[in-house]
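All remarks here apply to the structure that follows.
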Amino acid sequence: MNSKTSDGGWSPYLAGALVGVLAILSVIATTNITGKTSFLGASTTFVRAAGFLESSVATAHVDQNEYFKKEKVKIDWQFMLVLGVLIGAFFSSISEKSFKLEAVPPTWAERFGANVPLRAFWAFAGGVVAMIGARLADGCPSGHGLSGLMQLSLSGFAALAFFFGTGVLVANFVYRRRAS
Amino acid sequence: MNEQTLGLLTGIAFGFLLQKGRVLRFDKQVGAMLLKDMTILKFMLSAIIVGMIGIYFLNDIGFIELKHKTMNVGAVVVGGALFGVGWAVMGFCPGTSIGAIGEGRWHAIWAVLGMITGAAIFAELYPFFKQTVLAWLDGGKVSLADVMGLNHWVLIVILSVVYIGLFVFFEKKKL
């Protein structure tokens, strides 16, 4: 088992195990510093981002919306965590010179060509469907997958099975059969 | 330190490790769903083995309380399936889409915009979902160990063996 992969990255076992350590440290730090235990997650931040954007044009509407009231539109710990992921990935990729401006993912381009509007349309549509699903399920592969399975949550195992099971079916339909 | 600064620092470390593990790439995400490249599963399950041991230790000594998400059957089945459809098409999950932009893969911006729109649509549909899908069957906030009637450490050992067995299988098949 090599500590580096052929594309210059770290072994996924090593990087993953370190994320496990980070998750433990983060649970300790949030409990100690904020008085409230927080587990790693990402998808609620998209609700808050939507709330902020919407409230700039329709403040009263957002204020009255039951779901925005439930999740609270604010810049909280998780919001900053998600912003941090952007910064961390930026510095990591810059420092190892793997940062690359990419308009269309290579695998997508192989199947469907390097047409930017086509990729933009499907990525957007996929994003809409995925986030409606994540909010229904109350979590994404971070919240349900990582944090859920670390806690042995029944909902985490069930959600991850459905995420991945449907993902496998759809990916095989989209990227294999349509290969032309 | 306030919660925002702590979140930012944790996020920077998380983003750094996600990037080093190469899991922010569309090709890795779709590769896992095509069962061709299991980098993402190796990464996630490694994090989970380490994390579950530490988190249950902290729980046993009374330092933290676990925060199970509700096993709402309609939510997990319908929501989980919808998420899977979207995940396959967009090739990112919420956290990795943001990280991918940090790596310069700016096409992930379309996925992020779609997800923000999806969140806004969900907020409008929430009263409807609350009376339908979310009202079907609520299994409560439980752990798999409770449901199976097992001590959590026994389950942690069993799952660790299963996960490591998967790693051996992936390496053998060069996945």
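Points to keep in mind about this one:
- Gain on full extension, evaluated as 0.36 nm per residue between A:PHE52 and A:ALA161 minus their Cα-Cα distance, stands at 36.0 nm.
- Bridging of A:LYS70 to lysines at a Cα separation below 28 Å is possible for A:LYS36, B:LYS67, B:LYS69, B:LYS130, B:LYS141, once same-chain residues fewer than 8 apart are set aside.
- Working value for region B:70-175: equivalent-ellipsoid semi-axes of 30, 26, 11 Å, each the square root of 5 times a Cα gyration tensor eigenvalue, largest first.
- The rule of thumb for compact globular proteins, 2.2 N^0.38 Å, goes into the C-alpha radius of gyration of region B:1-144 1.20 times.
- Charge dipole of region B:78-175 (Cα centre as origin; +1 on each Lys and Arg Cβ, -1 on each Asp and Glu Cβ, all else neutral): 280 debye, rounded to the nearest 20.
- Residue (of B:GLY91, B:VAL77, B:PHE14) at the positive-pole extreme of chain B, dipole from beta-carbon charges: B:GLY91
- Alpha-carbon Rg with Dmax, taken over the protein assembly as shown, Å: 19.1, 58
- Net charge contributed by nearby residues that have their C-beta within less than 10 Å of A:HIS144 (K/R +1, D/E -1): 0
- Estimated distance in nm for a label pair at A:SER3 and A:LYS100, the labels positioned 7 Å out from Cα along Cα-to-Cβ: 2.5 nm
- Taking label positions 7 Å along the Cα-Cβ direction at both B:PHE169 and A:PHE121, the computed distance is 3.9 nm, reported to one decimal.
- Count Lys and Arg as plus one, Asp and Glu as minus one, and take only other residues whose Cβ is under 13 Å from that of A:THR31; the net charge is then 0.
- Estimated FRET transfer efficiency (B:VAL162, B:ILE61; beta-carbon r; R0 30 Å; 0.05): 0.70
Every read-out reported here was derived from the displayed coordinates using simple, explicitly stated rules and does not represent laboratory data. Note that this is a predicted model, so its numbers are computed, not measured. A quick note on method: Cβ atoms are made from the backbone with ideal geometry, for glycine too, and the neighbour counts reach across all protein chains shown.
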